[in-house]
Amino acid sequence: MKEYIVLARQNGTTKTGAPFATLKVADQEEVLNVAVWELGPQQEPVVGRIVSFYTLKDNQGKKSCNAMDIKNGPMPDPSHPLYNLLPRPISRETWDATITHLVSCCKDEQLVPIIREFADKLFKPYSEFPAATSVHHAFPGGLLNHTHQMLAMLDGIYPMLPYPLKLERCVLAILFHDYGKVYEYNRAGEGQEDMYLLGHIYIGAHKLHTELERRGINVEETKRIVHCVLAHHGRLEFGSPVVPCTPEAELISHLDDISAKTDNMEGTGNLEKSFALGTCVVK
């Protein structure tokens, strides 16, 4: 039996009320999405576990099986050949190096200490939570990697831009743009009450607004930073409460989109349909 590692899992319920889960699994040769019928939300496997399938049904490329068709294996250690197929959170050294370089280019003496404080505070929770349930960076620590990708891209692109922007606004907004996902999901990537009651955009914007106000940052500066968080989905039809209307907000929206879509493409199998991209991926 072939062994796979579980890259992502999304729980659901059929029209008749029966539980199921969609597993994204991979080995060295392929990535598969498998609908597992009658698999309850508390049943194994979790993300990161090794699994095998006794049987897999294939209906025009859509793979499925029953819960009894899964053989759950161990959580792999670093010596296992599939261990590195599951993305892992970046190191503290990599995170700190990016923050340090960005801060060295910042000039606002009020905002720099806030950047340093929250870059330190957010590393641990971000390294434990996913950035999504399935679309992108859907693994424990994916929230850290997604946030870091945006910061690293900002570091490379902002000196090349044909218009001026305030770097501190961008860094703070990126740090907080998905802050609410710590409340939207649990560590396994399952949706929580706050996903439906508040949503991650409001949670992140509210937290950042509160922190800036508490530290005496002036109202106009606070509005422009918080606007970047509110507008990071870019378009109203994508769930953004406002559209970007400042240089910083426009840039952050594109950085978020690049990070999410490239990760989605990486995690999609050859000739597999990506609904986030609206096309099949060719590798």
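Rounded to the nearest 500, the 222 nm mean residue ellipticity of the chain from helices alone is -12500 deg cm²/dmol, with -39,500 (n - 2.57) taken per DSSP H run of at least 4 residues. Among the lysines of region 1-128, pairs that are 8 or more positions apart or on different chains and have alpha carbons within less than 17 Å of each other number 10.
Here region 1-42 is assigned +1 on the Cβ of each Lys and Arg and -1 on the Cβ of each Asp and Glu. Its dipole about the Cα centre then comes out at about 260 debye. Rounded to the nearest Hz, the phi-derived 3J(HN,Hα) couplings of region 103-120 under the Karplus curve 6.51 cos²θ - 1.76 cosθ + 1.60 (θ = phi - 60°) are 4, 5, 9, 8, 10, 7, 5, 7, 8, 4, x, 5, 4, 4, 4, 7, 4, 6, where x marks glycine and proline. Qualifying chymotrypsin sites (Phe, Trp or Tyr not before Pro) in region 178-283, where qualification requires a DSSP coil assignment and no more than 14 other C-beta atoms within 10 Å, comprise PHE275. When the Cα positions of THR13, LEU82, GLY48 are compared along the charge dipole of region 4-85, THR13 comes out farthest toward the positive end, with charges on each C-beta of Lys, Arg, Asp and Glu.
By definition, a body whose alpha carbon gyration tensor gives a ≥ b ≥ c is prolate when a/c is 1.5 or more and a/b is larger than b/c, and region 218-280 fits this prolate description.
Please go through region 1-85 and write out the GluC sites (Glu not before Pro) that DSSP classes as loop and that have at most 12 other C-beta atoms within 10 Å.
GLU29, GLU30
Overall size of region 180-247 from C-alpha positions, given as principal axis extents largest first: 37, 29, 17 Å.
Divide the volume of the convex hull around the Cα atoms of region 4-85 by the residue count and you get 86 Å³ per residue. Local charge for SER134 was computed over the other residues whose Cβ lies under 9 Å away, with Lys and Arg +1 and Asp and Glu -1, and equals +2. Compactness of region 1-152 is given as radius of gyration and Dmax, 19.2, 61 Å, from Cα positions. Each 10 Å bin from 0 upward holds the following percent of the Cα-Cα pairs of the chain: 6, 27, 33, 20, 11, 3, 0.
Note on region 143-234: Rg/Rh from Cα positions, Kirkwood definition for Rh, rounded to two decimals, is 1.00. Evaluated with a Cβ-only charge set (Lys, Arg +1; Asp, Glu -1), region 1-143 carries a dipole of roughly 380 debye about its Cα centre, given to the nearest 20. Charged side chains reduced to their Cβ positions (Lys and Arg at +1, Asp and Glu at -1) give region 197-281 a dipole of some 220 debye around its Cα centre.
For region 113-152, the Cα-based Rg and Dmax, in that order, read 10.5, 34 Å.
How many times 2.2 N^0.38 Å is the alpha carbon radius of gyration of region 86-149?
Compactness ratio reported: 1.20.
Considering all C-alpha pairs of region 95-213, those separated by over 18 Å amount to 51%. Each other residue within a Cβ distance under 15 Å of ASP77 adds +1 if Lys or Arg and -1 if Asp or Glu, for a net charge of +1.
Coordinate-derived values only; no laboratory data. Here the structure is a predicted model, which means the values were calculated and not measured. With ideal geometry, Cβ positions are generated from the backbone for all residues, glycine too; neighbour counts draw on all protein chains shown.
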